[in-house]
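Remarks on the structure that follows.
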Amino acid sequence: MFSFGDIMAEALGLILTWDRDLSEIVLLSLRVTLTAVAISCLIGLPLGAVVGAFRFRGRGTVTVLLNALMGLPPVVVGLFVYLMLSNAGPLGILGLLYTPTAMIIAQTILVTPIVAALTKQVVEDLHGEYAEQFASFGLTARARVAALLWDARYSLLTVALAGFGRAVAEVGAVLIVGGNINHVTRVMTTTIALETSKGNLELALALGVLLLGLAVIVNAAVMALRASAVRAAYA
Amino acid sequence: MRDTVMDIRAESAVAAQPLLEARGVGFSAGGQPLIHGIDLGIEPGRRTLVMGANGSGKSLLLRLLHGLLTPSSGQVLWRGHAPDRGARRAQAMVFQRPVMLRRSVLANLNFALKVHGMAGRARAARVQEALDMARLSDLASHPARVLSGGEQQRLAVARALMCEPDLLFLDEPTSSLDPASTQMIEDLVNAAHARGVTIVMVTHDLGQARRMGDEVIFLHAGRVAERGPLHQVLGAPRSEAARAWTQGRLYTGTPH
Ligand SMILES: Nc1ncnc2c1ncn2[C@@H]1O[C@H](COP(=O)(O)OP(=O)(O)OP(=O)(O)O)[C@@H](O)[C@H]1O
Ligand SMILES: [Mg+2]
């Protein structure tokens, strides 16, 4: 029998010794997730802003689609990317399956709709307030999108955070397309899943604690930034 | 003396092409007609006041003339043509509720010049001028949205004027201002008028109307009830709507 206290103590010991394996896993997690979130923002922010700020035919359909895609099950995305990248798939020739790149692709697909849909909501609200003044200024479409994104920047930080939270905690998609290969595609969540099933609870718990800590730190940082923005009346 | 000046102006205005013209402009929202077949011309260099009771359609008319709303019927012409982006840039509007970007006072002014295509260097000097003009220099680095209502209105007027429009719309620009700020805004607008800017302004203030108006368009229930020189519409109104208004009575009848 094991006691929770013993395992926790060992887990904390692992974190304090901070060996090479542990740091490798944590760094890969961060690299994959941050890259995926960055790409998602690059696509999702302008996309969401355009849908939020302009009336055009098919706008309703795009909105429904984005909202539906927000809830994509990670394993289904994993399966889809797997089929694309496997040897028999259309992109098999790239040889990306079981690489960090494959994991980044899967997470980008998961996170982009979240960023786009939330951005649309934020920008739509702000635009409701600005629309007449912008029309009076005779703003071009591009300037309008840029100004809206800039003025909504603090709210959009929370949007990016939501994407980060979804990606960093996700296990289904990265497990399928990454394969959880030691020293190659092992990230925090897949390691937790594997080590738990092997009964290696210390390492699993150590990573769990780190994952939690990461979430808390990122959230706190964003909240502090937002609070200072609200104090300055820019949010 | 004053009348002579006005008469000469009125005569020359007959020949001049209106800067802005509404031809049979109507507007409905949600199947409900709100503005009915309005015909009018705004002559260059004049100060036209739009007056009428709450809900008579003053703000709607300004939005239609400025091109923020598309008429359901009829059309608005700028210098005799359908308005284009150039027309929009030759006009500016100060809204009944000022819209401030989530930026500093300075950045709000800078933004307006930037979208007008003014280069960075020229902007700094012009922004400083506008700050001085609105006496907001001390607040330049403050977020615009923490300014008081009156300060925001002064900022909105300065922001509109700094782009040197040919035509300036003002929708009750002094409704929440103290007497000193009201005076400041009136001076700013009159100075702009002296430089040749055409003014179209909504006001409920009789004293202000006398100080600021050449001509009055009096609205009632989405129609022009009466239009003419200020001293006539306010001094000897011919329409029942304008007469009731000047006497402080509520008028609910249909015009004509
Ligand atoms: N988008 C809209 N949909 C429906 N009704 C509207 C809309 N905009 C304005 N109205 C109505 O049209 C009428 C005229 O509105 P408008 O804002 O032009 O009044 P106003 O003369 O400016 O009044 P105030 O002196 O109170 O500012 C009002 O009865 C208003 O409720
Ligand atoms: Mg109004």
Inset, instruction - Determine the shape class of the range B:78-189: with a ≥ b ≥ c the square roots of the Cα gyration tensor eigenvalues, call it rounded for a/c under 1.5, and otherwise prolate if a/b is greater than b/c, oblate otherwise. - result: oblate
Legend entry - Inter-site label distance for A:ALA224 and A:LEU94 at 7 Å from Cα along Cβ, in nm: 3.8
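If you build the convex hull over the alpha carbons only and average its shadow over all orientations, what do you get for the protein assembly as shown? Give it in nm² to one decimal. Can you show the working numbers first?
Numbers: hull surface 128.9 nm².
Over every viewing direction, the Cα hull of the protein assembly as shown projects on average to 32.2 nm².
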Inset, instruction - For chain B, with all protein chains present and a 1.4 Å probe, just round the carbon and sulfur fraction of the accessible area to a whole percent. - result: 50
Legend entry - Estimated buried accessible area (total), pair B and A, 1.4 Å, Å² to nearest 100: 2000
Inset, instruction - With a ≥ b ≥ c taken as the square roots of the eigenvalues of the C-alpha gyration tensor of the range B:134-207, please select rounded if a/c is under 1.5 and otherwise prolate if a/b is larger than b/c or oblate if it is not? - result: oblate
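For A:ILE43 and A:LYS198, compute 0.36 nm times the residue count separating them, minus their Cα-Cα distance, and round to one decimal in nm.
Details: separation 155, 0.36 × 155 = 55.80 nm, distance 3.90 nm.
The span from A:ILE43 to A:LYS198 would gain 51.9 nm if fully extended.
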Legend entry - At least 50 Å² accessible surface lost relative to isolated chain, residues of the range A:200-235 (1.4 Å probe): A:ALA233, A:TYR234
Inset, instruction - Report the relative contact order of chain A, percent, no decimals, based on alpha-carbon pairs under 8 angstrom and at least 6 residues apart. - result: 30
Inset, instruction - Starting from 0 in steps of 10 Å, tell me what percent of the Cα-Cα pairs of the range A:1-105 lands in each bin. - result: 11, 25, 27, 22, 11, 4, 0
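Excluding B:TRP78 itself, what net charge comes from residues whose Cβ is under 14 Å from its Cβ, given Lys and Arg +1 and Asp and Glu -1? Show your work: numbers first, answer last.
Values: positive: B:ARG23, B:ARG79, B:ARG85, B:ARG88, B:ARG89; negative: B:GLU21, B:GLU43, B:ASP84, B:ASP166.
So the environment of B:TRP78 carries a net charge of +1.
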Legend entry - Alpha-carbon centroids, the range B:206-256 and the range B:64-79: separation in whole Å: 23
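Write down the accessible area per residue of the range A:149-235 in Å², having rolled a 1.4 Å probe over the full set of protein chains. Please list the in-between numbers first.
On the way: 3810 Å² over 87 residues.
Per-residue value: 44 Å².
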Inset, instruction - With 5 Å bins from zero, work out the P(r) of the range A:14-231 over every alpha carbon pair and list the percent per bin. - result: 1, 7, 13, 16, 16, 14, 12, 9, 6, 4, 2, 1, 0, 0
Inset, instruction - For the range B:154-200 and the range A:17-81, write down the distance between their C-alpha centroids in whole Å. - result: 48
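With every protein chain present, what is the per residue accessible area of chain B (1.4 Å probe, Å²)? Display every interim value, and only then the final one.
Working: 11580 Å² over 256 residues.
Here the per-residue accessible area is 45 Å².
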Inset, instruction - Compute the relative contact order of the range B:123-256 as a whole-number percentage, counting only Cα pairs closer than 8 Å that sit 6 or more residues apart in sequence. - result: 15
Legend entry - For chain B: rounded, prolate or oblate by the Cα gyration tensor [a/c cutoff 1.5]: prolate
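The values are calculated or read from the model by the stated rules, or taken from the named source; none is laboratory data. Just so we're clear, the structure is a prediction, and the values are computed from it rather than from any experiment. We place every Cβ from the backbone using ideal geometry, glycine too, and count neighbours over all the protein chains shown. Accessible surface areas use protein heavy atoms only, side chains included; no ligands, DNA or RNA. Shrake-Rupley method; radii C 1.70, N 1.55, O 1.52, S 1.80 Å.
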